[in-house]
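*Asks:* Encoded as structure tokens, here's the structure I'll be asking about.
The values are calculated or read from the model by the stated rules, or taken from the named source; none is laboratory data. These figures come from a predicted structure and were not determined experimentally. When we count neighbours, we look across all protein chains shown, and the Cβ atoms used for this are built from the backbone with ideal geometry, even at glycine.
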Amino acid sequence: MRRCFLEYYVCSVWGFVVFSYQLSVISYQFSVISFPFSRRGVLHTPNYQFSIFNFQFSITNYQLSIRIMADLDDLREGANFGLGVASREQNFHVKGAGNLGWGMKDRLSRIFSPQTGRTVMLAFDHGFIMGPTSGVERVDLNILPLATYADCLMCTRGILQTIIPPVFNKPVCLRSDAGTTILTQLNDNVLMDIEDAIRLNVSAMALMLSIGEPENEAKTVANLFKAADLGSRYGIPIMGVTAVGKDMARDARYFGLASRVCAENGANIVKTYYCDGFEKVVAACPVPIVIAGGKKLPENEALELCYNAINEGAAGVDMGRNVFQSSSPTAMIQAIHAVVHEGLTPQQGYELFNDLA
Ligand code: 5RP
């Protein structure tokens, strides 16, 4: 009993001594480090910091905060460095885009399939110059069911914001210029503000070039040039669309010149028309070419047009009327998709169309 009392007594005294010593050390540090002092009439309060195990205690302005410090004990040493294995080089699948930045490439990859390098864009921007022409009277009824089968949607911001559900998650090539309509002189256009394209999270901006048309050539080239400046600043690819000048021959010489002008002025994609000698147009254009469909053709001819264009080097199609004015638009876009991505012949594509229609 006596022994226990003695032990208890000794322990308590020792504990008290140790505790008092620590308290005095802490108080001393506290007063030395952060003695309250007044400067220009402002009372500065003490600051003190100490750690126990993985907890860091800070007293600032009479408030105590406790922080858990990084646990360095369990930091695992890296062991799998693949020594002797060369790092993987990436070849980018879009023509002329190898030297572009990550944002540009990411957007281009949303448009052009990394598996095939190709794209099926669905164009339904016609209303901005033609109004509610056949097939786009009701975009919600006629176009939305087709969107699932397209790799990319090409439309104006008005249609995008009012009708296309943002949950679709399809890349958008935004019609980004506007001006005159079919009722007056076409293509006297201005470029829209790129901030709106960024807000709409578009994957590319498209604008028209009137090559060979004295009234609007300079203005539309200047629009493209400016768009390319802005696009490269924000990582948004630009698509130049070659509108055929009134007096221009629709031949390889004209489309070759117009496509090349687009690329030289900074377009990352060119949309033009298929023609005889199309390989030369493609060969001389350092960025991918997609073809417009033009006016409505019988389905087998439209599929043949797609096939020939792809066979001669096009990276895809950006078609409108030949899809949404078809007797079966859903079947048509699937048949085009198979010709572009799976290499179906026009005959096979047409069979597919008939099966699905
Ligand atoms: C016009 C366009 C249109 O979107 C495009 O020409 C439409 O495609 P299609 O000719 O196949 O109807 O860019 O400037």
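*Asks:* Sort out which residues of segment 69-93 are within 36 Å of the chain's Cα centre (by Cα) and surrounded by 10 or more Cβ atoms within 10 Å (Cβ to Cβ), and write them in order of number.
*Replies:* 92, 93
*Asks:* What number of residues in segment 50-96 are under 30 Å from residue 119 (Cα atoms) and of a type outside the set (A, V, I, L, M)?
*Replies:* Of the residues in that region, 9 qualify.
So that you can scan it fast, the table gives a plain yes or no per residue for (1) closer than 26 Å to residue 260 by Cβ; (2) modelled with pLDDT of 95 or more; (3) of a type in the set (S, T, N, Q):
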{"position": "163", "(1), (2), (3)": "no, yes, no"}
{"position": "172", "(1), (2), (3)": "no, yes, no"}
{"position": "179", "(1), (2), (3)": "yes, no, no"}
{"position": "190", "(1), (2), (3)": "yes, no, no"}
{"position": "200", "(1), (2), (3)": "no, yes, no"}
{"position": "204", "(1), (2), (3)": "yes, yes, no"}
{"position": "208", "(1), (2), (3)": "yes, yes, no"}
{"position": "213", "(1), (2), (3)": "yes, no, no"}
{"position": "223", "(1), (2), (3)": "yes, yes, yes"}
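*Asks:* Continuing with this model, one more query. For segment 262-278, enumerate the residues that are surrounded by fewer than 20 Cβ atoms within 10 Å (Cβ to Cβ) and either in contact with a Pro (Cβ under 8 Å, 6 or more places away or on another chain) or more than 24 Å from residue 350 (Cα to Cα) (or both).
*Replies:* Answer for segment 262-278, where residues must be surrounded by fewer than 20 Cβ atoms within 10 Å (Cβ to Cβ) and either in contact with a Pro (Cβ under 8 Å, 6 or more places away or on another chain) or more than 24 Å from residue 350 (Cα to Cα) (or both): 264, 265, 266, 277.
*Asks:* Also, quick follow-up: Report whether or not residue 151 is among the charged types (D, E, K, R) and crowded, with 19+ Cβ neighbours inside 10 Å.
*Replies:* yes
*Asks:* In addition: So, in segment 231-255, of the ones that are over 26 Å from the mean Cα position of the chain (by Cα) and charged (D, E, K, R), which residue ends up surrounded by the fewest Cβ atoms within 10 Å (Cβ to Cβ)?
*Replies:* 247
*Asks:* Scan segment 133-150 and tell me whether some residue there is at pLDDT 95 or above and within 29 Å of residue 264 (Cα to Cα).
*Replies:* yes
*Asks:* Identify, please: which residue in segment 103-147 is outside any strand (DSSP E or B), closer than 14 Å to residue 329 by Cβ and in contact with a strand residue (DSSP E or B) (Cβ under 7 Å, 6 or more places away or on another chain) and is, among those, farthest from the ligand (Cβ to nearest atom)?
*Replies:* 147
*Asks:* Identify the single condition in (1) closer than 26 Å to residue 132 by Cβ; (2) surrounded by 20 or more Cβ atoms within 10 Å (Cβ to Cβ); (3) out of contact with any helix residue (DSSP H, G or I) (no Cβ under 8 Å at 6 or more places or on another chain) that residue 325 does not satisfy, given that it satisfies every other one.
*Replies:* (2)
*Asks:* Still on this model: Suppose we filter 197, 150 for residues that are assigned to a helix (DSSP H, G or I), in the same structural domain as residue 265 (by TED's automatic domain parsing) and more than 21 Å from residue 131 (Cβ to Cβ); which single one remains?
*Replies:* Exactly one residue qualifies, and that residue is 197.
*Asks:* For segment 291-320, what are the residues that are touching a Leu at 6+ places or on another chain (Cβ under 9 Å) and either within 13 Å of the ligand (Cβ to nearest atom) or over 18 Å from residue 348 (Cβ atoms) (or both)?
*Replies:* Matches in segment 291-320: 291, 293, 294, 297, 305, 317, 318, 319, 320.
So that you can scan it fast, the table gives a plain yes or no per residue for (1) surrounded by fewer than 19 Cβ atoms within 10 Å (Cβ to Cβ); (2) within 20 Å of the chain's Cα centre (by Cα); (3) under 30 Å from residue 253 (Cβ atoms):
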position	(1), (2), (3)
135	no, no, no
161	yes, yes, no
177	no, yes, yes
185	yes, no, yes
192	no, yes, no
210	no, no, yes
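*Asks:* Moving to a separate point now. Is it the case, given these coordinates, that residue 74 is within 22 Å of residue 204 (Cα to Cα) and either among the acidic types (Asp, Glu) or within 14 Å of the ligand (Cβ to nearest atom) (or both)?
*Replies:* Taking the combined requirement at face value, the residue does not satisfy it.
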